[in-house]
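A short worksheet on the structure shown next.
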Amino acid sequence: NMMHQAEGFEHFFSRIAIYEQQYACSVVVAMEGFNDYARPLDTMIRARDYRLYNINNLKLARFKEIFPGAAKTDALDARKGLELFQLRDHLPLAKDVLQEVAATPEENDILKRLTRRRRSLVREKGRVLNRLQSDLQAVCPGLLEITNDAGNLWFLRFLTSRPDLTQLARMRRTSLLNIRGVGATYAQAIQAWQKHAMFSHEVAWVGEMIQADAARILELLGQIKVLEAKMDTVAQESPVASILDSIPGFGRVCSAELAGEIGTIERFRSDASLGLYIGMSNLDNSSGKF
């Protein structure tokens, strides 16, 4: 499939080159991009200095409602796209359907990928942590009570310090103190739990699930930490991230994420457009008197 895709790209650009030479014209490309499925064609188009427009699918549907045509096919949609090009300077709706893709600094493109990856890992960590706490409550509620947060590093390391969950109830104080993050206070709390530790019969098969989830959370925390270090390094090269970081209340993660999603300020016609895009605009949602 990758070979056929590469051949398709090569044929696409060779046809464009022929038209460009034959008609001595500049090349403008409009394409639909959904959930990053435009890649890598969009980057290849930008690399050749062709102007690239994104077709807004929702607004295109409204345009087709106003100017109805035959049934939907790829060829007909392509012709509609051409009509939009011809009308974009005369019809406001057509102008809104086509949005030019502005070139973004490489450092902001990198931040976009890093921050989206981090966001995905943070969400996964939240899901696994919720499952871990639920299983602990069902199998050994007293163990969960020794900490206010099952996501604490010392607690996760304690859960994974022995191959069997029930062995935690027999660990000596010296072994507890060898766990990174467990000091005298936490060791005392664990020993107090050990005196009346109880496990349900499900521990025989759920115990290993709990420990696997704890190990996964530790792994995710490590990956997130590595991503944040990379984000800090790249953000120092981004003027947008530097400006955001200078504003009180913006942290390093927030600044890097906004810089990556904004890309370049030239994408937005006004501050209202920017505010709407990043979710910081006040939107009316009224019904009757409420």
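Here the accessible area of the stretch 108-234 is 50 percent carbon and sulfur, with a 1.4 angstrom probe and all protein chains present. In the context of the full set of protein chains, the chain has a per residue accessible area of 65 Å² (1.4 Å probe). Which of K230, K80, K112 ends up with the largest GNM mean-square fluctuation for the chain, with Cα atoms connected below 10 Å? Checking each option, the largest mean-square fluctuation is seen for K80.
The calculated FRET efficiency for A24 paired with L58, based on their beta-carbon distance and R0 = 41 Å, is about 0.70.
Only helices reaching 30 angstrom along their own axis (Cα) with mean Kyte-Doolittle hydropathy no lower than 0.5 count here, and for the DSSP H runs of the chain these are 203-235. If R0 is 51 Å, the Cβ-Cβ spacing of E266 and T185 corresponds to a FRET efficiency of close to 0.40. Pairs of Lys residues in the chain, spaced 8 or more positions apart or belonging to different chains, with C-alpha separations under 26 angstrom: 15 in total. Stretching I247 away from F9 to a fully extended chain increases their span by 81.3 nm, per 0.36 nm per residue minus the current alpha-carbon distance. Considering only T174, T233, T264, the Gaussian network model of the chain with Cα springs below 10 Å gives its largest mean-square fluctuation to T174.
Using a cutoff of 8 angstrom between alpha carbon atoms and counting only pairs six or more residues apart, the relative contact order for the stretch 108-234 works out to 42 percent. Net length available on complete extension from Q86 to N282 is 67.1 nm, with 0.36 nm assigned per residue and the Cα-Cα distance removed.
Globularity index of the chain is 1.46 (Cα radius of gyration / 2.2 N^0.38 Å, N = number of residues). GNM on the chain, C-alpha springs below 10 Å: top fluctuator among L165, L218, L76? Residue with maximal mean-square fluctuation among L165, L218, L76: L76. Give the shape of the stretch 108-234 as rounded, prolate or oblate, defined through the alpha-carbon gyration tensor: a ≥ b ≥ c are the square roots of its eigenvalues, a/c under 1.5 means rounded, and otherwise the shape is prolate if a/b is larger than b/c and oblate if not. Prolate shape, in that a/c is at least 1.5 and a/b is the bigger ratio.
The values are calculated or read from the model by the stated rules, or taken from the named source; none is laboratory data. These numbers come from a predicted model, not from an experiment. Please note: Cβ atoms are built from the backbone with ideal geometry, for glycine as well, and neighbour counts cover all protein chains shown. Quick note on the areas: whole protein, heavy atoms, side chains included, nothing else; ligands and nucleic acids left out. Shrake-Rupley method; radii C 1.70, N 1.55, O 1.52, S 1.80 Å.
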